[in-house]
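Notes to accompany the following structure.
The values are calculated or read from the model by the stated rules, or taken from the named source; none is laboratory data. Every value quoted in this text rests on a predicted model; they were computed, and no experiment measured them. Only protein heavy atoms, including side chains, enter the accessible area calculation; ligands, DNA and RNA are left aside. Shrake-Rupley method; radii C 1.70, N 1.55, O 1.52, S 1.80 Å.
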Amino acid sequence: MKTVYHKADSRGHADHGWLNSYHTFSFANYQNKDRTNFGVLRVLNDDTVSQGMGFGTHPHKDMEIISIPLEGDLEHKDSMGTTAVIKKGEIQVMSAGTGVMHSEYNRNKDEAVKFLQIWVFPKELNVEPRYDQKSIKEGEKINGFQQILSPNKNDDGVWIHQDAWFNLANFKAGNGKNYMLNKKGNGVYVFVLKGSAKVGDRVLSERDGLGIWDTQSFNIEAVEDAEILLMEVPMDLPAYLK
C-alpha cells in the first residue's frame with residue numbers, strides 16, 4: 001500500500017474577504033508541482049463564502065464538478081436553466097462537458113456557507129452538460145460507509161462520468177471498518193471533516209488528507225467521533241491528458 005499525507009495546514013490558502021478557501025491541490029494562485037492532483041481527483045477546495053456573496057457567472061468545460069455543503073445554503077444557477085439551492089445533507093453534481101456557465105452564491109444574509117468544491121476529470125471529453133442534486137441525509141449510516149456518488153445512474157447518490165465512488169463515514173470513537181476498493185487501479189483520498197481517525201499507522205486530524213493506492217482494502221478507525229469523506233478515483237489519467 002502506498003500513501004501520501006497532506007496535513008491540513010500544508011494546504012494552499014486564499015482569503016479574498018468574501019471567500020476564504022483552502023486548496024488541497026494546485027488551484028488559482030496556489031501552484032505546487034507536487035500537489036497537482038490525486039489520480040483523476042483534480043480539485044479539493046474547502047470554501048467559506050460570506051453572507052450574500054458568491055461566485056459570479058463563469059464557464060466550465062470537460063470536468064465533473066461536485067459540491068458538498070457543510071453549513072448554510074448555496075444557491076446555484078446555470079446556463080442549462082437550472083436554479084437550485086443545496087444545503088447540508090445534500091450533494092450536487094454538474095457535468096460541464098461541452099461547456100456550461102454557472103454561478104454559486106450564499107443564499108443567506110445572516111450566516112456564512114461552507115462547502116467542499118471537488119473537480120474530477122471525466123472519462124471522455126465533450127459529454128452533454130447535466131445537473132443533478134440529491135439528498136443524502138436519509139441514507140446516513142453510523143459506524144459504516146454511505147455511498148453518495150458512483151459511475152452508475154441507478155446506484156445510491158449522484159453519478160458522474162468516471163469510475164469513481166464517494167462515501168461518507170460517520171464513526172463513533174473506537175469504531176471503524178475495512179474499506180474495499182470497487183475497482184482495481186483505483187486509489188482513495190481520505191479527507192477528515194471532523195474529529196480524528198487512524199488509517200494504518202497514520203492518525204488524521206480535522207481537514208487532514210491521506211491518499212492511498214496500490215491496495216485492495218484498508219482499515220479506518222475513529223480515534224474520536226469523526227466524519228470522513230472517502231473519494232475513490234482512478235489513479236491513471238484519461239488518454240486525452242497523456
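Side notes on the structure shown:
- Exceedance of the 22 Å cut-off in Cα-Cα distance is limited, within the set K2/K114; K137/K172; K2/K177, to K2/K114.
- Spatially proximal aspartates and glutamates relative to K109 (Cα-Cα < 16 Å; intrachain offsets below 8 disregarded): E71, D73, E75
- For the range 181-228, the fraction of alpha-carbon pairs in successive 5 Å shells from zero, as %: 5, 23, 32, 20, 13, 5, 0
- Fraction of accessible area attributable to carbon and sulfur, the chain (%, probe 1.4 Å): 45
- Within straight-line reach of K7, meaning a Cα separation under 16 Å, sit the following aspartates and glutamates at least 8 residues removed in sequence or on another chain: D34, D46, D201, E206, D208.
- Taking the DSSP bridge list for the chain and keeping only pairs wholly inside it, about 95 percent are antiparallel.
- Long-range amide H partners of V100 with built H, under 5 Å: H60
- Mean accessible surface per residue for the range 135-242, computed with a 1.4 Å probe while every protein chain stays in place, in Å²: 47
- Each part gets one Cα centre, and for the range 180-242 versus the range 1-31 those centres are 17 Å apart.
- Three-way shape call for the range 132-242 based on the alpha-carbon gyration tensor, with the a/c threshold at 1.5: oblate
- Rounded, prolate or oblate (a/c below 1.5 giving rounded, otherwise prolate when a/b exceeds b/c) for the range 1-148 by Cα gyration tensor: rounded
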